[in-house]
1. Can you tell me which residue is surrounded by the fewest Cβ atoms within 10 Å (Cβ to Cβ) among those in segment 42-51 that are over 24 Å from Ser93 (Cα atoms) and touching a residue at least 12 places away in the same chain (Cβ under 8 Å)?
2. Hey, any hits in segment 56-68 for a residue that's assigned to a loop (DSSP other than H, G, I, E, B) and either exposed (fewer than 12 other Cβ atoms within 10 Å of the Cβ) or touching a residue at least 24 places away in the same chain (Cβ under 8 Å) (or both)?
3. Which members of segment 82-107 meet the condition of being within 17 Å of Ser32 (Cβ to Cβ) and either polar (S, T, N, Q) or crowded, with 18+ Cβ neighbours inside 10 Å (or both)?
4. State whether one or more residues within segment 28-35 are at pLDDT below 95, surrounded by fewer than 10 Cβ atoms within 10 Å (Cβ to Cβ) and out of contact with any Asp or Glu (no Cβ under 6 Å at 6 or more places or on another chain).
5. Ala13 is checked against (1) farther than 22 Å from Gly95 by Cβ; (2) hydrophobic (A, V, I, L, M, F, W, C); (3) in a loop (DSSP other than H, G, I, E, B) and fails just one. What number does that condition carry?
6. Looking at segment 28-41 only, could you name the residues that are without any contact (Cβ under 8 Å) to a residue 24 or more places away in the chain, in a helix (DSSP H, G or I) and not hydrophobic (A, V, I, L, M, F, W, C)?
7. Run Thr11 past the list (1) open to solvent by less than 100 Å² (accessible area, probe 1.4 Å); (2) within 21 Å of Leu101 (Cβ to Cβ) and report the number of the one that doesn't hold.
Amino acid sequence: MLYAAGKPNITLADAREVVSAESSHDDWAVTSAIQNGNTKEALRQLALALDAGAVSYQVLGQLAWFVRDKMSDTRRIPAAIDALFRTDLDLKSSGGDPRVLLERLVVELCRR
């Protein structure tokens, strides 16, 4: 209302000027898709999160939380922890593009 104050009508262009393209985002969509074993959706949600400005270390922290607290197949946990540590080291040592490193990690975590 403040943006259009004093105008006799509010136009569609006015609304588009003050509303973002995406009105809501599920911060846990990546981990939810991994938990469901849905690699395609996990990668899509990762791309959305990164495109929206998510920081690679934040995403890595969420994935670490998932492995520590939510991964139910205990046989997969050691490999998942190794993948987390490798990704963390690669991110810190400029071992590649953060997006690619996180995508690789997501694919590994989705494997059943």
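The values are calculated or read from the model by the stated rules, or taken from the named source; none is laboratory data. What you see is a predicted model; the values in this text were computed from it and never measured. Because the Cβ atoms are built from the backbone with ideal geometry, glycine has one as well, and the counts that use them run over all protein chains shown. Note: areas computed on protein heavy atoms with side chains; ligands, DNA, RNA excluded. Shrake-Rupley method; radii C 1.70, N 1.55, O 1.52, S 1.80 Å.
1. Step one: filter segment 42-51 for residues over 24 Å from Ser93 (Cα atoms), giving 42, 44-45, 48.
Cutting the leftovers down to touching a residue at least 12 places away in the same chain (Cβ under 8 Å) gives us 42, 45, 48.
Details: Ala42: 24, Gln45: 22, Leu48: 15.
Here the answer is Leu48.
2. no
3. Leu102, Leu105, Val106 - these are the residues of segment 82-107 that are within 17 Å of Ser32 (Cβ to Cβ) and either polar (S, T, N, Q) or crowded, with 18+ Cβ neighbours inside 10 Å (or both).
4. Within segment 28-35, not a single residue is at pLDDT below 95, surrounded by fewer than 10 Cβ atoms within 10 Å (Cβ to Cβ) and out of contact with any Asp or Glu (no Cβ under 6 Å at 6 or more places or on another chain).
5. Against the list (1) farther than 22 Å from Gly95 by Cβ; (2) hydrophobic (A, V, I, L, M, F, W, C); (3) in a loop (DSSP other than H, G, I, E, B), Ala13 comes up short only on (3).
6. Ser32, Lys40, Glu41
7. The failed condition is (2).
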